[in-house]
1. At R0 = 25 Å, how high is the FRET efficiency between residue 118 and residue 288 if r is their beta carbon distance? Nearest 0.05 is fine.
2. Starting with the highest mean, order 49-59, 68-78 by the number of other Cβ atoms within 10 Å, averaged over the residues of each peptide.
3. Residue 359 to residue 179: FRET efficiency via 1/(1 + (r/R0)^6), r the Cβ-Cβ distance, R0 41 Å, to the nearest 0.05?
4. Compute the length gained on full extension between residue 256 and residue 226: take 0.36 nm times their separation in residues and subtract their Cα-Cα distance, giving the result in nm to one decimal.
5. At 1.4 Å probe size, what's the solvent-accessible area of residue 79? Round to the nearest 10 Å².
6. Could you compute how much accessible surface residue 373 exposes when probed at 1.4 Å, giving the result in Å² to the nearest 10?
7. Taking 7 Å along the Cα-to-C-beta vector as the label spot, tell me the residue 316-residue 55 distance in nanometres, rounded to one decimal.
8. For every other residue with a beta carbon closer than 13 angstrom to the beta carbon of residue 86, add +1 if it is Lys or Arg and -1 if Asp or Glu, then tell me the sum.
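The values are calculated or read from the model by the stated rules, or taken from the named source; none is laboratory data. Predicted model only: the values in this text are computed from it and were never measured. All Cβ positions, even for glycine, are placed from backbone atoms using ideal geometry, and neighbour counts span all protein chains on display. SASA here: full protein model, heavy atoms, side chains in, ligands and nucleic acids out. Shrake-Rupley method; radii C 1.70, N 1.55, O 1.52, S 1.80 Å.
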Amino acid sequence: MNYKKHRGETLFKRWFLNNRFSIVLLNILLFFLIIWVFNKISFVLNPAWVFFSAILPPLLLALIQYYIMNPVVDWFEKKFRVPRVLTIIVLFLFVVIAMIWIINILVPIAQHQINSLVKNWPHIWNDAVNATQNALRDPRLHSVKGSIQGMIDDTQKTLFKSGQNTVNSTLGNISSAVSIITMIVMTLLTAPFILFFMLKDGHQLRPYITKFVPETWQQSFSKLLYDINYAVASYIRGQITVAFWVGVMFTIGYIIIGLPYGLALAILAGFMNLIPYFGTPLALIPVIVISIMTSGSMLVKVLIVFAIEQTIETRILSPLVMGNKMQMHPVTTILLLIGASSVWGLWGVIFGIPIYAVLKIIVSRVYNYYRRESDIFSNEDAASLTTGDADESKK
């Protein structure tokens with residue numbers, strides 16, 4: 001490490017002020033001190049959290065739709081000089097027509113298949129258990145028969161207990177159910193209005209926020225907001241686009257092979273694909289169970305459809321849509337999903353990656369600024385960071 005040394009430099013400056021390790025420890029201490037202070041004043045922050053949690057659902061729904069529609073609005077405005085309000089109204093009409101078509105055509109078919117699947121699932125599961133028990137009668141599997149039978153019994157008990165707890169909690173929390181229904185209705189009613197004004201005036205938000213920053217920081221802060229917006233937009237658009245085409249591919253494949261409940265299972269696969277890496281394999285579990293209960297050839301057909309879909313998704317669709325915009329290693333993504341799911345459950349799985357991407361951008365920007373301005377880094381490091389920022393500003 002290259003430090004600036006002076007003859008009159010004291011031990012305090014050398015080991016405390018101009019020492020990287022000490023600076024890191026001080027920042028860690030300051031971080032946990034801030035957490036401790038916020039924990040002590042939680043009674044002040046609770047009303048703010050209640051307010052934020054109330055406005056979060058419609059805001060999130062509008063934000064997701066904003067990132068999908070905004071490129072269309074921008075393109076028509078720049079290419080054909082079409083007023084933003086006119087494009088927004090046309091898009092809203094298109095969405096209404098599409099929703100009416102989905103409700104009248106697709107929803108009844110999917111609802112029929114889902115109701116039939118839910119109704120027949122206990123019989124399908126019992127058939128699967130009986131088939132497994134018949135297979136265990138093979139003398140060659142006698143050594144593992146006890147452990148497999150124990151796994152089946154434990155799974156049945158867990159499923160029964162979970163279902164019983166769900167029914168009890170539902171019956172015992174009528175007020176919670178009413179509040180959830182109210183929240184859903186309010187979200188559906190308010191999200192379109194929020195979306196309209198986000199599409200109309202959203203492009204003015206970054207310059208407006210930048211004005212409140214000191215003039216010397218405005219350019220860097222504007223670039224920070226641009227990077228955050230680009231990362232979140234890329235993730236949301238990419239995940240929704242990939243999930244949609246995954247659902248379409250599975251729908252076509254399941255219809256071709258004649259899989260029972262194919263449309264419902266394809267819709268499930270599309271929604272589960274919003275969970276990176278783990279979503280599609282989890283959605284494949286009920287497909288495998290149903291295909292086994294149908295016939296052995298159906299299982300082979302399902303595996304072929306799955307192999308074709310994965311090849312198209314991983315080789316063509318994901319690289320074309322997502323690329324490497326998130327700049328995250330697959331191992332980092334997997335570990336992040338595991339940790340976020342254990343802490344925040346399903347919400348952690350859905351929002352863990354974009355939150356990580358935002359925090360990564362902020363931390364890297366702050367760290368680069370600190371390295372450039374601090375005296376404890378060498379001149380070469382500061383020069384390289386300055387050059388890198390200059391190159392980014394030219395883009």
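1. Using R0 = 25 Å, I get an efficiency of 0.90.
2. 68-78, 49-59
3. For R0 = 41 Å, the calculated efficiency reads 0.85.
4. Once the chain is fully extended between residue 256 and residue 226, it gains 6.3 nm.
5. Spelled out: residue 79, probe radius 1.4 Å, area about 130 Å².
6. 110
7. 4.5
8. Once all neighbours under 13 Å are counted, the net charge is +2.
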